[in-house]
1. Hey, rough spin-label estimate for ASP185 and ILE153, points 7 angstrom out along Cα→Cβ, what's it come to in nanometres?
2. Which whole-Hz couplings ³J(HN,Hα) result when phi for each residue of the range 54-62 is put into the Karplus expression 6.51 cos²θ - 1.76 cosθ + 1.60, θ = phi - 60°, listed in order with x for Gly and Pro?
3. Rounded to the nearest 0.05, what FRET efficiency do ALA114 and GLU170 have when you use their Cβ-Cβ distance and R0 = 30 Å?
4. Sequence-distant or interchain residues sharing an amide H contact under 5 Å with GLY202, placed H: which?
5. Going Cα to Cα from LYS168, which lysines come in below 24 Å? Please leave out same-chain ones fewer than 8 positions away.
6. Amide H to amide H under 5 Å from THR76: which residues, 5+ apart in sequence or cross-chain, H placed 1.01 Å off N in plane?
7. Determine, from the Cβ-Cβ distance of ASP141 and SER94 and an R0 of 30 Å, the FRET efficiency 1/(1 + (r/R0)^6), rounded to the nearest 0.05.
8. Cross-link partners among lysines for LYS105, C-alpha distance below 24 Å, same-chain residues fewer than 8 apart left out?
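Please treat every number below as a calculation from the coordinates, not as lab data. Quantities reported herein were computed from a predicted structural model and do not represent experimental measurements. For neighbour counting, all protein chains shown are included, and Cβ atoms are generated from backbone atoms with ideal geometry for every residue, glycine included.
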Amino acid sequence: MTLARTPRRMGLALLSSVAAAIAAHAADTEPSQTPALRAAYAIRDGGGYEWKNSTGTPHEIIHDGQVVLAAQPHGTYCCGYTFAVAMDLCRQRSLLAGKSYREVKRFQKDWYGATEEAREKTCAYAVERLGVGREVARIADAQPGDFMQIWRINKSGHAVVLLELLRKHEAIVGIRYRSSQQLTDGVGDRTEYFADAPGQEGKLDRRRVYIARLNLEAGSSTDASRAPTGD
């Protein structure tokens, strides 16, 4: 009886080992393991999309005791969502230490493309001007958790958090990202392709992609991570 059950036990042990290895790999690649993606996913999916007369942010953003942006009562949009993620990261990593309210308010306006200088590059310009990050020049060098300002060939734009560069035969053909948009009724993940990617019917303009990376490696992590107060 014991000998008869041995192969079965060995098989179960092997399956258990494989399952454990898969679980460990999944844990290593889970978005929550990356500070930037953890902040991006801390804001729940959905919540509605609201662009007109809206701050676009899911929760109130305060710096130096003053309100930078009030929470949008219902819905979000791309600039508000990505700015909220960026500010949460800046706060967690103490990147805003010594920055005045006026400087952070200008940071917000640049992020939203509301200044002449930042109209094209938005977040990429904003992080360098405030000194909390840098622009990444090449799409191929972008990493999950980077912020992107993408433009389409129809001239529409979108602010996003990069999740993945999509490749076909080693060529970058599109991106998977997280942001707030109508198609996901607010916050959600989406995939878009470049207009020059064969067979994809994409609309992204490869020449007008701007990438911002916060100085997360230089900042000191704190335990002050706040759960978002809105959808």
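1. Here the modelled spin labels are 3.2 nm apart.
2. Karplus values, whole Hz, x for Gly and Pro: 9, 6, x, 9, x, 8, 4, 10, 10.
3. Efficiency for this residue pair is about 0.20.
4. Correct list: ALA197.
5. Cross-link targets: LYS203.
6. When sequence neighbours closer than 5 places are left aside, the close amide H contacts are TYR49, GLU50.
7. Efficiency for this residue pair is about 0.70.
8. Straight-distance partners of LYS105: LYS52, LYS121.
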